[in-house]
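Take a look at the structure below.
Each reported figure results from applying straightforward, stated rules to the coordinates on display, with no laboratory input. Bear in mind that the values here come from a model prediction, so they are computed numbers and not experimental data. As a convention, Cβ positions derive from the backbone with ideal geometry for all residues, glycine included, and neighbour counts pool all protein chains shown.
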Ligand code: TXA
Ligand code: MG
């Protein structure tokens with residue numbers, strides 16, 4: 001066990017002394033958990049093979065799952081990529097710093113362990129002042145996957161990171177909750193058309209507007225079987241999985257309610273404890289049609305996607321296997337952020353029911 005130092009920092013105006021201390025730790029090859037606007041990241045010097053290896057060990061992450069490099073400037077980006085397409089430049093102007101990860105071709109200085117042997121490298125410039133300053137003070141790009149044990153919901157607060165990594169990392173910078181709450185959109189510009197490898201806070205429609213061309217979701221994102229999901233690293237592995245059975249019902253409201261009624265009855269008959277992970281509107285309906293009225297975990301108002309995204313991982317982490325056996329989750333209108341929320345519920349589910 002390591003000694004883990006926890007520092008509370010102001011998210012907007014972080015104490016320079018603390019960030020310099022954390023940056024020194026990065027330069028010494030240590031692990032520092034830091035906040036970003038999407039989720040918390042577990043960071044190490046992306047150019048130091050040994051430091052990056054520590055991330056894989058701490059997270060128990062499969063070695064063939066590549067990491068994203070986090071930068072604080074364009075010049076830092078140019079050092080780690082070997083090609084800088086014009087399209088990337090256009091996107092960067094609009095979306096950086098922010099929740100967009102762009103896939104580049106990697107340069108030689110990036111160790112293979114970062115990319116799991118691929119010649120491509122995901123790069124993002126986070127918008128959080130603490131993250132940006134930490135990278136800048138470290139003077140090196142940071143490898144930073146989400147700060148959760150592999151497979152679990154991502155950490156959106158320092159408390160989550162403490163739960164998973166106390167004694168396993170050197171420093172945790174606590175700047176409160178991540179404002180967005182789900183991880184960055186990942187875009188591959190080298191395919192034709194450009195493809196989203198992980199849907200996130202920046203919707204497809206916005207990318208299309210800036211690029212002036214069609215963008216597609218990678219077909220594997222809708223994977224219904226394990227084999228289909230093997231195609232890209234961002235969805236190959238189980239992720240977002242809570243500690244109980246999670247049933248995700250994907251489709252229209254009427255079909256959702258019909259399935260809920262059927263499943264609720266059947267599970268209660270088996271003596272199972274069931275809860276629903278739903279919007280405020282659906283909770284109201286379920287409480288009026290089901291007997292006994294069920295316990296509902298409220299995600300937000302059904303079209304308030306920013307709030308639902310912000311709450312999602314916190315709610316998944318709060319599900320307590322001592323109190324519930326099965327959680328049944330609703331899907332959202334699959335547009336913009338709604339699509340990205342559905343993706344995470346689908347990935348986290350132990351079972352998905354598709355409604356026509
Ligand atoms: O918002 C985020 O992106 C957060 C914060 C901390 O910045 N980071 C994050 O990293 O979500 P991670 O490692 O948890 O997720 C990165 C995803 C993984 O699913 C990985 O497979 C995929 O990005 N990925 C990384 N490099 C890739 C590459 N070269 N090609 C395709 N997918 C890649
Ligand atoms: Mg992750």
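What percent do you get for the relative contact order of the chain when only Cα pairs under 8 Å and 6+ apart count?
In percent, rounded to a whole number, it is 19.
Working from Cα positions, state the angle (0 to 90°, nearest 10) between the long axis of helix 337-348 and the longest principal axis of the chain.
Rounded to the nearest ten degrees, it is 80.
Could you list log10 I(q)/I(0) for segment 299-351 at q = 0.24 Å⁻¹, which the Debye formula gives when each Cα is one point scatterer?
Listed by q, the Debye log ratios stand at -0.98.
With a 10 Å cut-off between alpha carbons and a GNM built on the chain, which of 290, 173, 121 moves the most?
The residue that fluctuates most here is 290.
Please determine, in degrees from 0 to 90 and to the nearest 10, the orientation of helix 253-269 with respect to the longest principal axis defined by the Cα atoms of the chain, where the helix direction is its Cα long axis.
So the inclination is approximately 70 degrees.
Please check: in the Gaussian network model of the chain (C-alpha springs, under 10 Å), which one of 12, 211, 189 has the largest mean-square fluctuation.
12
For a quick check, take a GNM of the chain with Cα springs below 10 Å and name the residue from 171, 235, 74 with the largest mean-square fluctuation.
74
Can you show me the helix-derived [θ] at 222 nm for the chain, built from DSSP H runs with n ≥ 4 at -39,500 (n - 2.57) apiece and divided by the number of residues, rounded to the nearest 500.
After summing the helix terms and dividing by the residues of the chain, the value is -10500 deg cm²/dmol.
So for 24, 209, 317, 124, fewest C-beta neighbours within 10 Å to most, what's the order?
Ascending number of Cβ neighbours within 10 Å: 209, 24, 317, 124.
How would you rank 70, 94, going from fewest to most other Cβ atoms within 10 Å of each one's own Cβ?
Result, fewest neighbours first: 94, 70.
Highest mean first, how do 38-48, 177-187, 278-288, 328-338 rank when packing is the count of other Cβ atoms within 10 Å averaged over residues?
Taking the mean over residues of other Cβ atoms within 10 Å, the ranking is 38-48, 177-187, 328-338, 278-288.
Test of understanding: express the Cα radius of gyration of the chain as a ratio to 2.2 N^0.38 Å, with N the residue count.
That ratio works out to 1.00.
Just rank 241, 274, fewest to most, by other beta-carbon atoms within 10 angstrom.
Sorted ascending by nearby Cβ count, the order is 241, 274.
I want the antiparallel fraction of DSSP beta bridges within the chain, as a percent rounded to 5.
Close to 35 percent.
Between 0 and 90 degrees, rounded to the nearest ten: what's the tilt of helix 305-318 against the longest Cα principal axis of the chain?
Between helix and principal axis, roughly 80 degrees.
Please state the equivalent ellipsoid semi-axes for segment 245-354: what are the square roots of 5 times the Cα gyration tensor eigenvalues, largest first, in whole Å?
21, 15, 13
Let me make sure I get this right: for segment 20-69, a, b and c are the square roots of the gyration tensor eigenvalues over alpha carbons, sorted descending. Under 1.5 in a/c it's rounded, otherwise prolate if a/b > b/c, else oblate. Which is it?
The shape class here is oblate.
Take segment 5-184, compute every pairwise Cα distance, and split them into 5 Å bins from 0; I just need the percent in each bin.
All Cα pairs considered, the percentages come to 1, 9, 20, 23, 23, 15, 7, 2, 0.
Let a ≥ b ≥ c be the square roots of the eigenvalues of the Cα gyration tensor of segment 110-263; is it rounded (a/c under 1.5), or, if not, prolate (a/b larger than b/c) or oblate?
Taking the square roots of the gyration eigenvalues as a ≥ b ≥ c, segment 110-263 is oblate.
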